[in-house]
Amino acid sequence: MPLQFRPLGFAPDFVDYRQCWDLQRTIHREVSSGEREPEVLLLEHAPVYTAGKRTEPEDLPIDGTPVVDVDRGGKITWHGPGQLVAYPIVPLADKSAVKDYVWRLEEILIRVVAQYGIDAVRVDGRAGVWVLGDGIQQDRKIAAIGIRVLRGVTLHGFALNCSNSLDPYGNIIPCGITDASVTSISAESGRPVAPSDVLDIVRREFDSILPPALGDRTPATAAAGSSPAQHPTHGVNA
């Protein structure tokens, strides 16, 4: 299944989170019913904090900044200018293989940042994609993943820090992790790298890594698997 990519907005045309969330739900409904081809939305958001299902009161912004509650897994995070967000809205071949899907998103991110000389890894028991500390610096998260799988079709996705300020993370406990920090491609590589600069690499890695996890979603297959009991909801933060 060929992947379709839709760039929604990049600096200075940032995308409002709530409007994009409405669009995600519309696309998800149509992909789930077989009326529409799967898509990967690519964008930069206007500044916003979003809180997943496991967010605790102590995780919230210390300055009272408004937060959008969402139905993905995980805790609170920030989106905004300089951060590349990808929302794959795609059917999974194996509706129970959520961990494999998350692994593939992680692998895409690891390969993308490697193009900038950054050695990023998975960390057992820790969400997201990381640059390991060296005894002086803490481990640093360079990308976050938060997804939902409903009726076998994915929602939400990943956020890759490219050239964004890291200051907004100082107002929250990002992803509920207290003993690590955050970073960006620009901070680690020592040169400015904007979200628009990485788009071609991201598309290439999606095309290379994700298709084996994807399933068919024609109207016939959608109708055959329409029972909610057959397709439970999964929320995952990584």
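We did not get these values from a lab; they are worked out from the coordinates using the rules stated. Just so you know, these numbers come straight off a predicted model, no measurement behind them. Heads up, the Cβs are rebuilt from the backbone with ideal geometry, glycines too, and the neighbour counts pull from every protein chain shown.
Over the chain, DSSP H runs of length four or greater, each weighted -39,500 (n - 2.57), average out per residue to a 222 nm ellipticity of -7500 deg cm²/dmol.
To the nearest 10 degrees, how steeply does helix 98-114 sit against the main Cα axis of the chain, on a 0 to 90 scale? That helix lies at roughly 40 degrees to the long axis. Each DSSP beta bridge with both residues in the chain is either parallel or antiparallel, and the antiparallel ones are about 75%. Annotation: peptides 206-215, 131-140, ranked by per-residue average of other Cβ atoms within 10 Å with the highest first, follow the order 206-215, 131-140. Listed by chain and number, the lysines whose C-alpha is less than 17 Å from the C-alpha of Lys141, apart from same-chain residues fewer than 8 away, are Lys75. For the chain, the gyration tensor built on C-alpha atoms gives a prolate shape. Its axis ratio a/c (a ≥ b ≥ c) is at least 1.5, and a/b is the larger of a/b and b/c. Remark: relative contact order (the range 5-237) = 26 percent; criterion is Cα-Cα distance under 8 angstrom and separation of 6 or more residues.
The amide H of Glu39, built 1.01 Å from its N in the peptide plane, has Ile89 as neighbours under 5 Å, considering only residues 5 or more places off or on other chains.
A cut-off of 5 Å between modelled amide H atoms, ignoring neighbours fewer than 5 places along the same chain, links Val68 with Tyr49, Thr50, Ala51. Relative to the dominant Cα principal axis of the chain, helix 195-209 is inclined by about 50°. Peptide packing: for 153-159, 28-34, 189-195, the average count of neighbouring Cβ atoms within 10 Å per residue gives the ranking 153-159, 28-34, 189-195, highest mean first.
Remark on Gly215: its backbone amide H falls under 5 Å from those of Leu92, Ala93, a criterion applied only to residues 5 or more positions apart or on other chains, H modelled at 1.01 Å from N.
In the chain, the longest principal axis of the Cα atoms and the axis of helix 17-32 are about 30 degrees apart.
As a rough footprinting exposure proxy, the listed residues Arg6, Arg122 were ranked by other beta carbons within 10 Å of their own, and the order from fewest upward is Arg6, Arg122. Taking all Cα pairs closer than 8 Å and separated by 6 or more residues, the relative contact order of the range 50-96 comes to 43 percent. Across the range 1-127, the relative contact order, built from alpha-carbon pairs under 8 Å that are at least six residues apart, equals 25 percent.
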